[in-house]
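J.: Pasting a structure below so you can have a look.
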């Protein structure tokens, strides 16, 4: 198991080990995206939840200050070992001409992709990535860049972790 997934297991302890997350996989076409990111390198789990909350608050403040329109709330995970290298990210309608602090802008190419619609606790998201690897192999597809997660609801307001919804996008060729 990669460290990324171990962190998610710690982030959302699961009592019901018999219950299974809901996973649906489909091919799609991603449109190009403008994305604001805050790069992070995390070496311990203790601050992970607070780090995510703080980074999203900073991104949304920047979005408001620059009169941008937010889209997907996302995260990119680059290494599956410690330290965890990631970008906390939010899609926006356009990239501003200037950035402040730790915030950077990136442009993501569109193209063919597979999306995994995942419903369940973050602590079980490993099954979605396992299904992604199986799907790629079965359909003879290659992953381009790293996959990214798009969070469809907020764990702070979603009381039941089995109701958390995440889309995992993987560009393919």
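J.: At 7 Å along the Cα-to-beta-carbon direction for both residue 112 and residue 47, put a label point, then send me their distance in nm to one decimal.
T.: 4.2 nm
J.: From zero up to wherever the largest Cα-Cα distance of region 33-108 sits, split into 10 Å bins and tell me the percent of pairs in each.
T.: Calculated over all Cα pairs of region 33-108, the distribution is 19, 53, 24, 4 percent.
J.: Sticking with this structure for a sec: For the ranges 46-53, 141-148, 114-121, what's the packing order if you count other beta-carbon atoms within 10 Å of each residue, average per peptide, and put the highest first? Show your work: numbers first, answer last.
T.: Working: 46-53: 13.6, 141-148: 15.2, 114-121: 20.6.
Highest-to-lowest ranking by the protection proxy: 114-121, 141-148, 46-53.
J.: Take the alpha carbon atoms of region 147-173, find their center, do the same for region 62-85, and report the distance between the two centers in whole angstrom.
T.: Value for the Cα centre distance between the two parts: 13 Å.
J.: Next question, about the same structure. Given Cα pairs under 8 Å that are at least 6 residues apart, what percent is the relative contact order of region 59-163?
T.: After rounding, I find 31 percent.
J.: Going by how many other beta carbons lie within 10 Å of each one, how would you line up 124, 171, fewest first?
T.: Lowest to highest Cβ neighbour count: 171, 124.
J.: Further question on the same structure: What is the calculated FRET efficiency for residue 27 to residue 157, with r their C-beta to C-beta distance and R₀ = 30 Å, to the nearest 0.05? Present the calculation step by step, with values, prior to reporting the outcome.
T.: Working: r = 31 Å, r/R0 = 1.04.
It comes to 0.45.
J.: Order by neighbour count: 151, 129, 78, 107, fewest other Cβ atoms within 10 Å first, most last.
T.: Ascending number of Cβ neighbours within 10 Å: 107, 78, 151, 129.
J.: Given an 8 Å cut-off on Cα distances and at least 6 residues of separation, report the relative contact order of region 33-108 as a percent.
T.: RCO, region 33-108: 50 percent.
J.: Counting residues in the chain as N, plug N into 2.2 N^0.38 Å and put the Cα Rg over that result.
T.: Rg over 2.2 N^0.38 Å, computed on Cα atoms: 1.03.
J.: Kindly put 35, 73 in sequence by how many other C-beta atoms sit within 10 Å of each C-beta, fewest to most.
T.: Working: 35 21, 73 18.
Least to most surrounded, the residues fall as 73, 35.
J.: Now a separate question. Can you give the alpha-carbon Rg of region 25-77 over 2.2 N^0.38 Å, where N counts its residues?
T.: Details: Rg = 13.7 Å, N = 53, 2.2 N^0.38 = 9.9 Å.
Against the compact-globule rule of thumb, the ratio is 1.38.
Every number in this text was worked out from the coordinates using simple rules, so none of it is lab data. This structure is a prediction, so every number in the text was calculated from the model and none was measured. Note: ideal-geometry Cβ built from the backbone for every residue, glycine included; neighbour counts use all protein chains shown.
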